[in-house]
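Worksheet: one structure, shown below.
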Amino acid sequence: MLFSMTGFGKSHLQTDEKEINVEIKSLNSKNHDFKLRLPSSFKEKETEVRRLLIEKLIRGKIDLQIQINDLSGKPSGKINPLVLKKYLEQLREVKPDLDENLAINSIIKLPDVLQIEENHPDEYLWNEIKKSVVDAIEHLIDFRKQEGNSLRKDLENNITTIKKHLDKIIEIDKNRIKEKKSKIHSELEQLKVEIDENRFEQELIYYIEKFDINEEIVRLKNHLDYFLKELHNNKISKGKKLGFISQEIGREINTIGSKANHSEIQRNVVEMKDALEKIKEQVLNVL
């Protein structure tokens with residue numbers, strides 16, 4: 001099973017007096033990257049929310065927003081009548097024909113007129129909020145799973161592409177060394193020079209070994225199989241490991257390209273590199 005780091009989830013809960021809305025989004029990131037927006041009365045619960053996100057979502061760039069709407073109709077603060085009266089008296093001194101109704105609308109916004117009652121976390125309400133957060137996280141995980149299935153198919157297709165081009169290279173390589181030997185012999189015959197056959201064979205072996213790509217082919221096959229094995233294992237988080245394997249795949253492809261010295265092999269190497277770049281981009285979004 002494969003999980004993407006990209007996802008979205010939301011939940012809605014309504015009690016007798018409150019409406020709770022939770023939205024959570026995630027994008028790819030190497031580590032934890034949180035942006036949390038909690039109601040001011042629940043700011044002290046931020047650490048608990050972070051722990052919950054790390055436990056459930058492992059890693060990613062997480063944006064969480066919790067909104068609470070009050071349905072009770074109760075005012076959130078109280079007017080201080082003494083402060084309001086003082087402001088009115090000062091305004092009358094400046095403007096005796098003051099329209100008190102208009103003045104009060106403005107005065108209410110001045111410092112200390114409206115006293116906001118200090119809110120302390122309501123544990124019952126917090127438990128309801130936490131349920132909503134968990135629900136939103138579960139929806140996000142389902143989203144990640146769906147995205148992960150699409151990612152897995154794309155990764156498999158690109159690994160298959162690399163394997164197909166590797167098979168073509170193996171087929172080409174069967175006759176490449178023979179052709180190279182034959183070409184060298186032919187050119188020497190045209191030069192009509194005497195050569196030391198023993199020395200010639202030694203030099204030829206050294207020359208051919210420099211262009212031998214059998215070891216790279218074997219290692220590349222193993223890396224491709226290892227990538228698929230890790231892709232289908234039961235671990236939840238595997239993006240970093242797949243990234244490391246793709247780097248090893250790249251090293252072998254580059255070495256084959258530099259050692260092959262053959263135009264048809266080079267063309268297949270280019271196609272393998274193209275597929276590998278797609279893999280590297282896709283792996284960045286794997287959890």
With labels modelled as points extended 7 Å from the Cα through the Cβ direction, what inter-label distance (nm, one decimal) is found for SER237 paired with ASP70? 4.1
Which net charge results when you count Lys and Arg as +1 and Asp and Glu as -1 among the other residues whose beta-carbon is under 10 Å from that of PHE34? 0
Extended-chain gain in nm, criterion 0.36 nm per residue less alpha-carbon gap, TYR226 and LEU52: 59.4 nm
If the chain between LYS210 and ASN127 were fully stretched, how many nm would it gain, using 0.36 nm times the residue separation less the Cα-Cα distance? 23.0 nm
If you rank TYR124, TYR226, TYR87 by fewest surrounding Cβ atoms within 10 Å, what's the result? TYR124, TYR226, TYR87
Run the quick spin-label model on PHE34 and GLU271: label points 7 Å from Cα toward the beta carbon, then report their separation in nm to one decimal. 4.9
Least to most buried among VAL286, VAL94, by other C-beta atoms within 10 Å and fewest first, runs VAL94, VAL286
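Readers should treat all values here as calculations from the given coordinates under stated rules, not as data from a laboratory. The structure presented is a predicted model; accordingly, all values stated were derived computationally and were not measured. Using ideal geometry, Cβ is built from the backbone for each residue, glycine included, and neighbour counts are taken over all protein chains shown.
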